[in-house]
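Student: What follows is a single structure, and I will ask about it in a moment.
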Amino acid sequence: MGITPDIVEACKKGKREYQEKLYRILSPVLFPVCLRYASDRKEAEDWMQETWIRIFGKITDYRMEGSFEGWTRKICVSVCLENIRKKKILYDQTDLSKITVLSDDEDVFSKLSVQDIITLIQNLSPGYRTVFNLYVMESFSHEEIAIKLGISVGTSKSQLARARQILQEKITRLNKAAKPNTALL
């Protein structure tokens, strides 16, 4: 069942049963967003709770224009970024010329489960993880990321490059560990 205008309108009026229905429909979409930005599941759960408080607190502001799911997703990302900013994450300035691409094998991601990918992203440092999520998953430009996080465009670019390099290294190690040793056969 999708989100209908009736559900949104009932939520605007504070009808509990419709709020629960909306929660059941959108939580599977929003929780993975929190997981990607958070350091661990507990933190993601806290941010998810905060997201729902914000959604229900601002639902009367939604004008029934555009995607309601998109509107809630923006709120979710904002909650995650606010919590990350509270942590005062330090952003590393990495020289882009030192970044190397280890593999052009696009197929490596298809060999991993969604949970494996989320775990790899969660294990990035908070700065790398945040920029990676904003650029790759949310499709923000480096200029938009710089404004949202209060960093330079160059820092955004270097954070993304370093995050990609680290993820490639981890995926390469996972793939090597998963391949049988043919020398023994």
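Student: Against the conditions (1) at pLDDT below 90; (2) touching a Ser or Thr at 6+ places or on another chain (Cβ under 8 Å); (3) over 24 Å from K74 (Cα atoms), where does Q165 fall short? Just the number, please.
Tutor: Looking at each condition in turn, Q165 falls short on (1).
Student: Out of curiosity, is R63 out of contact with any Gly (no Cβ under 7 Å at 6 or more places or on another chain), outside the structural domain of V131 (by TED's automatic domain parsing) and outside any helix (DSSP H, G or I)? Give the derivation first.
Tutor: Numbers: out of contact with any Gly (no Cβ under 7 Å at 6 or more places or on another chain): yes; outside the structural domain of V131 (by TED's automatic domain parsing): yes; outside any helix (DSSP H, G or I): yes.
Yes.
Student: Those residues that are in contact (Cβ under 8 Å) with a residue 60 or more places away in the chain, surrounded by fewer than 20 Cβ atoms within 10 Å (Cβ to Cβ) and closer than 11 Å to Q159 by Cα, I need them from the range 110-147; list them, please.
Tutor: The one that is in contact (Cβ under 8 Å) with a residue 60 or more places away in the chain, surrounded by fewer than 20 Cβ atoms within 10 Å (Cβ to Cβ) and closer than 11 Å to Q159 by Cα: P126.
Student: While we're here: Restrict the check to the range 121-137 and report whether at least one residue is in a loop (DSSP other than H, G, I, E, B) and in contact with an Asp or Glu (Cβ under 8 Å, 6 or more places away or on another chain).
Tutor: At the first step, the residues of the range 121-137 found to be in a loop (DSSP other than H, G, I, E, B) are 123-125.
Next cut, in contact with an Asp or Glu (Cβ under 8 Å, 6 or more places away or on another chain) only: 125.
Yes.
Student: Shifting gears a bit: When the residues of the range 148-172 are narrowed to those that are out of contact with any Leu (no Cβ under 7 Å at 6 or more places or on another chain) and of a type in the set (S, T, Y), which ends up surrounded by the fewest Cβ atoms within 10 Å (Cβ to Cβ)?
Tutor: For the range 148-172, the residue satisfying everything is S152.
Student: Among (1) polar (S, T, N, Q); (2) closer than 15 Å to L81 by Cα; (3) surrounded by 14 or more Cβ atoms within 10 Å (Cβ to Cβ), where does Q49 come up short?
Tutor: That leaves (3) as the condition not met.
Student: Helices (runs of 4 or more DSSP H) wholly in the range 5-59 with at least 2 residues that are of a type in the set (F, W, Y) and modelled with pLDDT of 95 or more - which ones? Write out each step before concluding.
Tutor: On the way: elements: 5-12, 16-37, 41-58.
So the answer is 16-37, 41-58.
The values are calculated or read from the model by the stated rules, or taken from the named source; none is laboratory data. These numbers come from a predicted model, not from an experiment. With ideal geometry, Cβ positions are generated from the backbone for all residues, glycine too; neighbour counts draw on all protein chains shown.
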